[in-house]
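A short write-up of the structure that comes next.
The values are calculated or read from the model by the stated rules, or taken from the named source; none is laboratory data. Please read all numbers here as calculations on a predicted model, not as lab measurements. Positions of Cβ are backbone-derived with ideal geometry, glycine not excepted, and every protein chain shown enters the neighbour counts. Heavy atoms of the whole protein, side chains included, go into the accessibility calculation; ligands, DNA and RNA do not. Shrake-Rupley method; radii C 1.70, N 1.55, O 1.52, S 1.80 Å.
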Amino acid sequence: MIYQINLFKIWWLYDLNIFPNPTSDVINVSASFEDSKLIDVQLIDAVGKVVSRETFNATNIYTTIDVSDLASGMYFVKLVSEEGTVVNKVSVK
């Protein structure tokens, strides 16, 4: 299942895809932006600990986050830029 969001209220983010959700091995994150941006992609556990972080400076990003060693539960994919923050839930099984 692909979790796709088109957020027109967030002017700097054209498209965000997070898949598969739920997952047991990897989370794929792709996003497109209005122009080149410094973007911090974080995976955060239920208690707020950042368990993965990657930074990009691009118009389009694609990254794969390995979650195979993480405990089952709810996690959050967080994209942070100077313009704002977007957070989406993902389930690791």
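Could you please state how large a percent of the accessible area of the chain is carbon and sulfur, counting protein chains only and using a 1.4 Å probe? Solvent-exposed carbon and sulfur of the chain make up 51 percent of the total. Taking all protein chains into account, the per residue accessible area for the chain stands at 57 Å² (1.4 Å probe).
Here the extension length gained between PHE19 and THR59 equals 12.4 nm, from 0.36 nm per residue of separation less the Cα-Cα distance. Here the gap between SER36 and LYS78, fully extended at 0.36 nm per residue and compared with their Cα-Cα distance, gives a gain of 13.3 nm. Placing unit charges on the Cβ atoms only, positive for Lys and Arg and negative for Asp and Glu, gives the chain a dipole magnitude near 300 debye about its Cα centre.
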